[in-house]
């Protein structure tokens, strides 16, 4: 019997992160200072990020060494992770396609977010920082950073989007178990939060607002630094451990994927999964189709504008050239809280614009239908965010069935849904809207 999991040994784990910047079809437009609107310099970023991460953000090196301390911590958080064949899903769909998924749900935090949380906490610790502030949507990023800060002896303060703070109480309690302080956002702790609450005491919040609150707290503290879970290049860089492992696993299988799929909020899990492959595709060595999936209610890639915009709602971050719905966009409180972001990472946006990546969008109910099918055929309950990628994989498998084509489909299983059962309860009780 052929194993359904392709496993790597710790010695096979990649020792470098892949940086896509040198391989992009065109150089990225430079981030602009929010005040002067001039290209930012490293010194502009030093109040909020450690120097090592600023250097990675701006690096044109194709590969960046992973420190030994991070390689050790990666093994503690279940790296390298398996590439698993979705045999049950294939049988349920009666498709000739092969479906694979990369198991990023196996870290203690339950998602891919630890791949960058640990490096970010490490580099801050090395430069003498004692506390990190951040935002979180559904809570996966906040949980990962809380775990990483605990590991490296840092304090952690998290502003969690209020809609998710209310929907996912056990996710916020995980953060507290790891030692973090967690606030619903908008909060009454910042000037920006108080302004929003004065206008709407029941404001559902957004990732953009939570970013603004975390940044305001960082600037006022003076001793803390800010940590971001997506969007910026150093975050994408750290996540490429996923795609590099996946490339090696497909080599072991003697196969090449026809499709690679990931869900997109800011873009980190999608980038981590696909960028190493895209690097090969841009060199003409691969013809895999890359599919980025977003919610129909937050259609930044499919309906947004490609323009300079702030990464947060208050306008405190540098202006980034990206696909955006506008930094004041407030998404509906869907259960895929990690995808409720108004913009898309500049690197991902540039690749969408060049048509290297194909963006698609789905409504919430059809995403949960796919999640239920996956849970009942594979026995694993996916996060609502991950379920967007599953929906795209199901559609492609059914297309292969109609055409009787033996396609190879792979998606990033970015996180489990064991702390998202409120969404599943709404779906099962017939109370979920389709937005």
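The values are calculated or read from the model by the stated rules, or taken from the named source; none is laboratory data. As the structure is a computational prediction, the values presented were derived from the model and not from experiment. With ideal geometry, Cβ positions are generated from the backbone for all residues, glycine too; neighbour counts draw on all protein chains shown.
Just one of the listed residues (148, 138) is part of a helix (DSSP H, G or I) and in contact (Cβ under 8 Å) with a residue 24 or more places away in the chain, and it is 148.
Within the stretch 145-162, restricting attention to residues that are surrounded by 24 or more Cβ atoms within 10 Å (Cβ to Cβ) and out of contact with any strand residue (DSSP E or B) (no Cβ under 7 Å at 6 or more places or on another chain), which residue is farthest from residue 238 (Cα to Cα)? Checked the stretch 145-162; the qualifying residue farthest from residue 238 (Cα to Cα) is 147.
Restricted to strands (runs of 3 or more DSSP E) entirely inside the stretch 1-91, those with at least 2 residues that are touching a helix residue (DSSP H, G or I) at 6+ places or on another chain (Cβ under 8 Å) are 16-18. Within the stretch 378-394, the only residue that satisfies the criterion of being closer than 19 Å to residue 263 by Cβ and more than 22 Å from the chain's Cα centre (by Cα) is 378.
Would the stretch 39-49 turn up any residue that is crowded, with 22+ Cβ neighbours inside 10 Å, closer than 21 Å to residue 317 by Cα and in contact with a strand residue (DSSP E or B) (Cβ under 7 Å, 6 or more places away or on another chain)?
Initial filter on the stretch 39-49 (crowded, with 22+ Cβ neighbours inside 10 Å): 49.
Narrowing the set further to residues that are closer than 21 Å to residue 317 by Cα leaves 49.
Pick out the ones that are also in contact with a strand residue (DSSP E or B) (Cβ under 7 Å, 6 or more places away or on another chain) and you get 49.
Taking every residue of the stretch 39-49 in turn, at least one turns out to be crowded, with 22+ Cβ neighbours inside 10 Å, closer than 21 Å to residue 317 by Cα and in contact with a strand residue (DSSP E or B) (Cβ under 7 Å, 6 or more places away or on another chain).
Residue 183 falls short on exactly one of the conditions (1) in contact with a helix residue (DSSP H, G or I) (Cβ under 6 Å, 6 or more places away or on another chain); (2) part of a strand (DSSP E or B), and that condition is (1).
Of 97, 117, which residue is over 15 Å from the mean Cα position of the chain (by Cα) and touching a residue at least 60 places away in the same chain (Cβ under 8 Å)? Please lay out each step first, then the result.
Details: 117 fails: over 15 Å from the mean Cα position of the chain (by Cα).
Of 97, 117, the one residue that is over 15 Å from the mean Cα position of the chain (by Cα) and touching a residue at least 60 places away in the same chain (Cβ under 8 Å) is 97.
Pairs linking a residue in the stretch 62-73 that is more than 13 Å from residue 120 (Cβ to Cβ) to a residue that is surrounded by fewer than 14 Cβ atoms within 10 Å (Cβ to Cβ) and modelled with pLDDT under 95, with Cβ atoms under 7 Å and 6 or more positions apart or on different chains, do not occur. Can you confirm whether the stretch 169-181 contains a residue that is farther than 20 Å from residue 113 by Cβ and free of Cβ contacts under 8 Å to residues at least 12 places away in the same chain? Within the stretch 169-181, not a single residue is farther than 20 Å from residue 113 by Cβ and free of Cβ contacts under 8 Å to residues at least 12 places away in the same chain.
Among the residues in the stretch 406-426, are any within 23 Å of residue 87 (Cβ to Cβ), over 24 Å from the mean Cα position of the chain (by Cα) and not in a loop (DSSP other than H, G, I, E, B)? Checked against the condition, which is being within 23 Å of residue 87 (Cβ to Cβ), over 24 Å from the mean Cα position of the chain (by Cα) and not in a loop (DSSP other than H, G, I, E, B), the stretch 406-426 yields no hits at all.
Considering each residue of the stretch 227-269, count those that are assigned to a loop (DSSP other than H, G, I, E, B), under 15 Å from residue 338 (Cα atoms) and out of contact with any strand residue (DSSP E or B) (no Cβ under 6 Å at 6 or more places or on another chain), and give that number.
In the first step, residues of the stretch 227-269 are kept if they are assigned to a loop (DSSP other than H, G, I, E, B); the result is 227-232, 240, 254-258, 264-267.
Those still in the list that are under 15 Å from residue 338 (Cα atoms) too: 228-231, 264-267.
Of the ones still in play, those that are also out of contact with any strand residue (DSSP E or B) (no Cβ under 6 Å at 6 or more places or on another chain) are 228-231, 265-267.
Summing the residues that are assigned to a loop (DSSP other than H, G, I, E, B), under 15 Å from residue 338 (Cα atoms) and out of contact with any strand residue (DSSP E or B) (no Cβ under 6 Å at 6 or more places or on another chain) in the stretch 227-269 gives 7.
Being within 30 Å of residue 379 (Cα to Cα), more than 21 Å from the chain's Cα centre (by Cα), surrounded by fewer than 18 Cβ atoms within 10 Å (Cβ to Cβ) and touching a residue at least 24 places away in the same chain (Cβ under 8 Å) is true for just one of 3, 10, 22. Which residue is that? Reasoning before the result, please.
On the way: 3 fails: touching a residue at least 24 places away in the same chain (Cβ under 8 Å); 22 fails: within 30 Å of residue 379 (Cα to Cα).
Of 3, 10, 22, the one residue that is within 30 Å of residue 379 (Cα to Cα), more than 21 Å from the chain's Cα centre (by Cα), surrounded by fewer than 18 Cβ atoms within 10 Å (Cβ to Cβ) and touching a residue at least 24 places away in the same chain (Cβ under 8 Å) is 10.
The numbered conditions (1) touching a strand residue (DSSP E or B) at 6+ places or on another chain (Cβ under 6 Å); (2) surrounded by fewer than 24 Cβ atoms within 10 Å (Cβ to Cβ); (3) within 22 Å of residue 340 (Cβ to Cβ) are all true for residue 216 except (1). Of all the listed residues (375, 389), the sole one being closer than 19 Å to residue 295 by Cβ and part of a helix (DSSP H, G or I) is 389.
In the set (1) modelled with pLDDT of 95 or more; (2) part of a loop (DSSP other than H, G, I, E, B); (3) surrounded by fewer than 20 Cβ atoms within 10 Å (Cβ to Cβ), the condition left unmet by residue 223 is number (1). Of the residues 407, 403, which single one is farther than 28 Å from residue 173 by Cβ and surrounded by fewer than 14 Cβ atoms within 10 Å (Cβ to Cβ)? After ruling out the rest, the residue left standing is 403.
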